Amino acid sequence: MQLEAKNIGFRYDNGPWLFQGINFILKPREIVGLTGVSGRGKTTFCKILAGLEKPVEGSITLNRKELHRNGYHPVQLIYQNPEKAVNPRWKMEKILNEGWKPDEELLTSLGIEKEWLMRWPNELSGGELQRFCVARALGPNTRFLIADEMTTMLDAITQAQIWQAVLEIFKKREMGIVVVSHEAKLIQRLCHRVIEINSL
Amino acid sequence: MISSLNISVEAGEILAVVGASGSGKSLLAHAILGILPSNAKVSGTIKFNGEILTSARQEALRGREIALVPQSVNYLDPLMRVGKQVRTSVKKGNEAKAQREVFERYRLKSDVDKMYPFQLSGGMARRTLLSTAMVSGARVIIADEPTPGLDPAVINEALNHFRDVADNGNAVMLITHDIESALKIADKIAVLYAGSTVEVAPANNFTGNGEKLRHPYSKGLWRALPQNEFIPIPGSQPHPSTLPSGCLFEPRCVKATLECTKAQPVMRELRNGIVRCIHAT
Ligand SMILES: Nc1ncnc2c1ncn2[C@@H]1O[C@H](COP(=O)(O)OP(=O)(O)OP(=O)(O)O)[C@@H](O)[C@H]1O
Ligand code: SF4
Ligand SMILES: [Mg+2]
C-alpha cells in the first residue's frame, strides 16, 4: 500500500502555476514532514493528496490505482481550523459518528469528554473541536493521514495529547502520515524525513 | 467565562499571555477592547493610564490608543482590498507609504495590495491583520495569536517589531501558545487555565524541566512542548458551566490534596512572581 503523487501540477483558474511536476511517495509506517514558505501551496497540495481538489496535471494513486471519491476515503485530511470542517447544524455526537463509530478508548486518549457529545460545535473551543475532527478521521479504513497544521492553534498540552493518541494508532495500524507545520520543533520530534515543497 | 483574572502591563513592557486553548485568552483581549458580545457579563475593572476604562472611553481609544491584532482572520473585511484595509488604519502620516512599508517588512509583495481576503493563504491573511495594528501608532498593542502558520523569518520579524514598539515606550500584550517565541521577547509571562490566571512569572523562569515555575499547570505546559518531553497531562480543561468548586486544576493535578477541593486558591506572591496554588513553593 502506498500513496503516490505523480507529476502533479496545479494553478487556480488561469493564474500562475503554484507547482508543477511534483512527485511524492508516502509509505505505511512513515511520517513525513512537509515544509515551505507560507502561500507556497502546502494546503493546496494536501487537498490534492486527500482527493479534495483535482490536480490540473498529474495523478494521485493508491497502490497504483486511481482514487475514487465514493465511500470512506482512505486518505483523510485534518485542517488547521476545525470550525470550518464541521457542520454547524449538527450536534457533536452526530459529527463524531458520521463516518464510523470511534471506540471509548480513542475518545479517552484524545481527552474527549462524554458531556461534549450533546453540544453544538459553537459551544466548544477550537482545541475541543479539533479532537473530534481527529477521532472522526481515524476510522479503521484510514491508511494515510494528512495533518495540515493540525495542532497549530492548540496549546502544548493539547497538542501533545492529540499527537500521542495519533502516534499510538499510527503504530497499531501501520498508517502513513504527512505533517505540515511551521513549528520546526514539532517536525523534528515527529518526522522520519522532511521535505520542502519547493524541492519536490 | 473568565474569572479571577489579574494582570497588568506597563509601558516599555511585553507581557505574554499563554495557557490552555479555550482558557479565555481571546475573551480577555476583547474585554480590554470593549468588543465582547452583548450576552457577556463583565465585572471587575480595567484601567488605562490609571483611569478606569468605561465603554465610552474604550470606544474612543480603540484603534487609536489601543489596537488589536485579532485571532480570527474573519476580522478582515471580505469586500475590501487588503492594501486599502491597512491604509485606513493609518492615523498619522502618509497612508500609502506606511502600508507599503509594513507589507514590505512582512514580505507581502505589491500584488497583494490589490487582493481580497479570500485570495490570501492563511499566513498572508495573518500578516495583513498584523500590519493593520502595527501601522495604527497605538500605545497599547494587544496581539491575539499573531504568529500561527507564519514562517520562522516572518515570525522573527513580527517579534522584533513588537520589541521595537515596546522599547519605544508602548505596552504590548502578546497572547500566544507559541511559548518559544514569547520567551524571545517577553518580560513576563502570565499563564491562564480555565479562565483564571494561575501564575505570572518572569520569562526567564521558563527553563530546564520547569523547576523554577510555580504552578503545576505551568510546569506541565512547559514539559509538553515538543522540544521538551512532549508528554501531556491527561484529561481536559473544565467547561465554564461545570467548574469545580475548589482549585480549577484539581481534577488533573497530581499534587492535589483534600484541601485543594475546598475553595479556589487565592493569588499570592512567591519568588518574584504570583501563583494561585496552595502547595506551590
Ligand atoms: N481561491 C483561490 N483563488 C485564487 N488564489 C488562491 C485561492 N486560494 C489560495 N490561493 C493562492 O494559492 C497560493 C497557495 O495557497 P495555499 O493555501 O495552498 O498556501 P500554503 O502553502 O498552505 O500557505 P500557508 O502556509 O500560509 O497556509 C497562495 O498564493 C494563495 O494566494
Ligand atoms: S491548589 Fe492543589 S490542586 Fe490546585 S494546583 Fe495547587 S496543588 Fe494542584
Ligand atoms: Mg496552509
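From the residues in region A:15-48 that are more than 14 Å from chain B (Cβ to nearest Cβ) and farther than 20 Å from A:Leu167 by Cβ, which one is farthest from ligand 1 (Cβ to nearest atom)?
Across region A:15-48, the extreme among qualifying residues is A:Ile25.
So if I check each of B:Asp167, B:Asp178, which one is open to solvent by 30 Å² or more (accessible area, probe 1.4 Å), more than 20 Å from B:Lys255 (Cα to Cα) and modelled with pLDDT under 90? It would help to see each step written out before you state the result.
Details: B:Asp167 fails: modelled with pLDDT under 90.
Answer to the check: B:Asp178.
Which residue out of B:Leu108, B:Leu183 is touching a residue at least 12 places away in the same chain (Cβ under 8 Å), in a helix (DSSP H, G or I), under 30 Å from B:Pro226 (Cβ atoms) and more than 16 Å from ligand 2 (Cβ to nearest atom)?
Values: B:Leu108 fails: in a helix (DSSP H, G or I).
After applying the criteria, what remains is B:Leu183.
Quick check on B:Asp164: is it within 11 Å of chain A (Cβ to nearest Cβ) and without any contact (Cβ under 8 Å) to a residue 40 or more places away in the chain? Give the derivation first.
Working: within 11 Å of chain A (Cβ to nearest Cβ): no; without any contact (Cβ under 8 Å) to a residue 40 or more places away in the chain: yes.
Here the answer is no, as B:Asp164 does not meet what is asked.
Filter region B:223-242 for residues that are at the interface with another protein chain (Cβ under 8 Å from one of its Cβ atoms) and outside any loop (DSSP other than H, G, I, E, B) and give the result.
B:Thr242
When you go through A:Lys91, A:Lys84, A:Lys114 one by one, which is the residue that is surrounded by fewer than 19 Cβ atoms within 10 Å (Cβ to Cβ), more than 9 Å from chain B (Cβ to nearest Cβ), in contact with a helix residue (DSSP H, G or I) (Cβ under 9 Å, 6 or more places away or on another chain) and free of Cβ contacts under 8 Å to residues at least 24 places away in the same chain? Even if it seems obvious, please write down each step before you answer.
Values: A:Lys91 fails: free of Cβ contacts under 8 Å to residues at least 24 places away in the same chain; A:Lys84 fails: in contact with a helix residue (DSSP H, G or I) (Cβ under 9 Å, 6 or more places away or on another chain).
Of the residues listed, the single one that is surrounded by fewer than 19 Cβ atoms within 10 Å (Cβ to Cβ), more than 9 Å from chain B (Cβ to nearest Cβ), in contact with a helix residue (DSSP H, G or I) (Cβ under 9 Å, 6 or more places away or on another chain) and free of Cβ contacts under 8 Å to residues at least 24 places away in the same chain is A:Lys114.
Go through (1) within 16 Å of ligand 3 (Cβ to nearest atom); (2) open to solvent by 40 Å² or more (accessible area, probe 1.4 Å); (3) under 14 Å from the mean Cα position of the chain (by Cα) one by one and return the number of the condition A:Arg136 breaks.
The single condition A:Arg136 does not satisfy is (1).
Residues checked against (1) in contact (Cβ under 8 Å) with a residue 24 or more places away in the chain; (2) among the hydrophobic types (A, V, I, L, M, F, W, C); (3) open to solvent by 70 Å² or more (accessible area, probe 1.4 Å):
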position	(1), (2), (3)
B:Pro234	no, no, yes
B:Gln237	yes, no, no
B:Thr242	no, no, yes
B:Gly246	no, no, no
B:Phe249	yes, yes, no
B:Ala256	no, yes, no
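Out of region A:40-69, which residues are hydrophobic (A, V, I, L, M, F, W, C) and closer than 20 Å to A:Thr142 by Cα? Explain how you work it out, then say what you get.
In the first step, residues of region A:40-69 are kept if they are hydrophobic (A, V, I, L, M, F, W, C); the result is A:45-46, A:48-50, A:52, A:56, A:60, A:62, A:67.
If the condition is that a residue be hydrophobic (A, V, I, L, M, F, W, C) and closer than 20 Å to A:Thr142 by Cα, then A:Phe45, A:Cys46, A:Ile48, A:Leu49, A:Ala50, A:Leu52, A:Ile60, A:Leu62, A:Leu67 are the ones that fit.
Answer yes or no: is there a residue in region A:44-51 that is closer than 25 Å to A:Leu18 by Cβ and away from ligand 3 (no atom under 16 Å from the Cβ). First the steps, then the outcome.
Step one: of region A:44-51, the residues closer than 25 Å to A:Leu18 by Cβ are A:44-51.
With the extra rule that they be away from ligand 3 (no atom under 16 Å from the Cβ), the set shrinks to A:51.
Yes - at least one qualifying residue is present in region A:44-51.
Of the residues that sit in region B:258-278 and are surrounded by fewer than 19 Cβ atoms within 10 Å (Cβ to Cβ) and either among the aromatic types (Phe, Trp, Tyr) or not in a loop (DSSP other than H, G, I, E, B) (or both), which one is farthest from ligand 2 (Cβ to nearest atom)?
Among residues in region B:258-278 that are surrounded by fewer than 19 Cβ atoms within 10 Å (Cβ to Cβ) and either among the aromatic types (Phe, Trp, Tyr) or not in a loop (DSSP other than H, G, I, E, B) (or both), the one farthest from ligand 2 (Cβ to nearest atom) is B:Glu269.
If the requirement is being within 12 Å of chain A (Cβ to nearest Cβ), of a type in the set (Gly, Ala, Ser) and closer than 27 Å to B:Ser121 by Cα, which of these qualifies: B:Gly220, B:Gly137, B:Gly149? If you could, list the steps in order and put the result at the bottom.
Details: B:Gly220 fails: closer than 27 Å to B:Ser121 by Cα; B:Gly137 fails: within 12 Å of chain A (Cβ to nearest Cβ).
Unique residue meeting the criteria: B:Gly149.
Tell me which residues, restricted to region A:151-168, are crowded, with 22+ Cβ neighbours inside 10 Å and either more than 11 Å from chain B (Cβ to nearest Cβ) or in contact with a His (Cβ under 6 Å, 6 or more places away or on another chain) (or both). Step through it out loud before you land on a result.
From region A:151-168, those crowded, with 22+ Cβ neighbours inside 10 Å are A:151-163, A:165-166; that's our starting set.
Passing the criteria: A:Asp155, A:Val166.
Considering only region A:128-149, how many residues are within 12 Å of chain B (Cβ to nearest Cβ) and either of a type in the set (S, T, N, Q) or within 16 Å of ligand 1 (Cβ to nearest atom) (or both)?
Of the residues in region A:128-149, 3 are within 12 Å of chain B (Cβ to nearest Cβ) and either of a type in the set (S, T, N, Q) or within 16 Å of ligand 1 (Cβ to nearest atom) (or both).
What's the number of the only condition in (1) open to solvent by less than 10 Å² (accessible area, probe 1.4 Å); (2) at the interface with chain B (Cβ under 8 Å from one of its Cβ atoms) that A:Gln188 fails to meet?
Every condition holds for A:Gln188 apart from (1).
If I go through region A:117-127 residue by residue, how many of them are without any contact (Cβ under 8 Å) to a residue 40 or more places away in the chain, open to solvent by less than 50 Å² (accessible area, probe 1.4 Å) and within 12 Å of chain B (Cβ to nearest Cβ)?
So the first thing to find is which residues in region A:117-127 are without any contact (Cβ under 8 Å) to a residue 40 or more places away in the chain, and the list is A:117-125, A:127.
Subsequent filtering for residues that are open to solvent by less than 50 Å² (accessible area, probe 1.4 Å) retains A:117, A:119, A:121, A:124-125, A:127.
Right, trim to within 12 Å of chain B (Cβ to nearest Cβ) and you get A:119, A:124-125, A:127.
Result for region A:117-127: 4.
Can you run down the residue pairs with Cβ atoms below 9 Å, 6 or more apart or on separate chains, where the first is in region B:43-70 and closer than 24 Å to B:Val90 by Cβ and the partner is open to solvent by 70 Å² or more (accessible area, probe 1.4 Å) and in a helix (DSSP H, G or I)?
B:Leu68/B:Tyr75
So which of A:Asn63, A:Asn70 ends up being open to solvent by 50 Å² or more (accessible area, probe 1.4 Å), more than 14 Å from the chain's Cα centre (by Cα) and under 21 Å from A:Ile31 (Cβ atoms)? Break it down stepwise before answering.
Values: A:Asn70 fails: under 21 Å from A:Ile31 (Cβ atoms).
The unique qualifying residue is A:Asn63.
Confirm whether A:Pro102 is in a loop (DSSP other than H, G, I, E, B), without any contact (Cβ under 8 Å) to a residue 60 or more places away in the chain and open to solvent by less than 30 Å² (accessible area, probe 1.4 Å). Spell out the reasoning first.
Details: in a loop (DSSP other than H, G, I, E, B): yes; without any contact (Cβ under 8 Å) to a residue 60 or more places away in the chain: yes; open to solvent by less than 30 Å² (accessible area, probe 1.4 Å): yes.
So A:Pro102 passes the test.
Which residues, counting only those in region B:121-133, are free of Cβ contacts under 8 Å to residues at least 40 places away in the same chain and not polar (S, T, N, Q)?
Residues of region B:121-133 that are free of Cβ contacts under 8 Å to residues at least 40 places away in the same chain, as a first pass: B:121, B:123-124, B:127.
Within region B:121-133, B:Gly123, B:Met124, B:Arg127 meet the criteria.
Give the residue that is farthest from ligand 1 (Cβ to nearest atom), with candidates limited to residues of region B:137-157 that are open to solvent by 10 Å² or more (accessible area, probe 1.4 Å) and under 21 Å from B:Asn94 (Cβ atoms).
B:Arg139
The values are calculated or read from the model by the stated rules, or taken from the named source; none is laboratory data. Predicted model only: the values in this text are computed from it and were never measured. All Cβ positions, glycine included, derive from the backbone under ideal geometry; neighbour counts span all protein chains shown. Keep in mind that these areas ignore ligands, DNA and RNA; they rest on the heavy atoms of the full protein, side chains included. Shrake-Rupley method; radii C 1.70, N 1.55, O 1.52, S 1.80 Å.
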